[in-house]
């Protein structure tokens, strides 16, 4: 069985698809940033999940939207005392750093099991980008002297597909809310403008990651023979059950003590309250997350599959709770200008 050191070595040895152009200028950075956000396939006709065309174009999308500069180009802004207090007090840094560290190794472990070279290359690039995210976050916490809890030891998975599914679906959940929280922080002025600009490409890369996962899932499902499809759908259901059980356990405060800080039981609610003045209704956060989810995916070819489960659940929650929506002043989440 592969060890974690072997998995990390495979991530670090991976060659990303684009080399930065020297010298790096604001124009080249802006061009790469735009190409990361907007992509349309030249393929004529539909991109049917399970088809060679769908697989080819999904992997091409992921390669061609790779950004070799941002978030590699980082100029950490100097924070004033109040800005530093707000940033360092957020209950997210342990979770974020540890999550990215696990994701890079889990993706690398699954990629090693894939025979198809295009899919394997795309998932290894995903692992490489997760490693870059971890490095970015590590540099941020170092720059602002943010204390972190010790990172748990990673054990190489016995079942790489299982942990890939767990991580992929978890990223779909977390990214949906992260889109809304990040925009909420931007509108409220919680983060300095320079820090928003630094993290914006990291957030957009997460959008690309879950777009890749959703299309891999659709392609993989359609590629399976019918008798294996039933087995796979049972596994997907078990993954959702495992994720729900884990998050319900966190919500009940299982574990307690210092370790519970790594998995704040009210992470989303606490983060939303932390980045804006006053309390924010969950309906407002769901609405903003839906808007941001649609905006971030809008630049990619409409024929590609989008993650649908979490947005659908959010829309159902908004519909069901509409009659009981409280009439009270809303938090400041309106667009600027």
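Values for this structure:
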quantity	calculated
Residue satisfying condition, being crowded, with 21+ Cβ neighbours inside 10 Å and either in contact with a strand residue (DSSP E or B) (Cβ under 7 Å, 6 or more places away or on another chain) or modelled with pLDDT of 80 or more (or both), within set 154, 169	169
Those residues of segment 179-196 which are part of a helix (DSSP H, G or I) and surrounded by 15 or more Cβ atoms within 10 Å (Cβ to Cβ), in sequence order	179, 180, 181, 182, 183, 184, 185, 186, 187, 188, 195, 196
Residue that is surrounded by the most Cβ atoms within 10 Å (Cβ to Cβ), among those in segment 15-34 that are in a loop (DSSP other than H, G, I, E, B) and without any contact (Cβ under 8 Å) to a residue 24 or more places away in the chain	21
Boolean, residue 12 is surrounded by fewer than 14 Cβ atoms within 10 Å (Cβ to Cβ), within 22 Å of the chain's Cα centre (by Cα) and modelled with pLDDT under 90	yes
Only one of 118, 83 that is surrounded by fewer than 21 Cβ atoms within 10 Å (Cβ to Cβ), at pLDDT below 85 and out of contact with any strand residue (DSSP E or B) (no Cβ under 8 Å at 6 or more places or on another chain)	83
Residue match in segment 209-231 (condition: assigned to a helix (DSSP H, G or I), under 24 Å from residue 280 (Cβ atoms) and either touching a helix residue (DSSP H, G or I) at 6+ places or on another chain (Cβ under 7 Å) or modelled with pLDDT of 95 or more (or both))	yes
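For every residue, the table says whether it meets (1) part of a helix (DSSP H, G or I); (2) at pLDDT below 90.
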{"residue": "272", "(1), (2)": "yes, yes"}
{"residue": "317", "(1), (2)": "yes, no"}
{"residue": "329", "(1), (2)": "no, yes"}
{"residue": "332", "(1), (2)": "no, yes"}
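The values are calculated or read from the model by the stated rules, or taken from the named source; none is laboratory data. It should be emphasised that the depicted structure is a prediction, and the values quoted were computed from it without experimental measurement. So basically every Cβ, Gly included, is an ideal-geometry build from the backbone, and we count neighbours across all protein chains shown.
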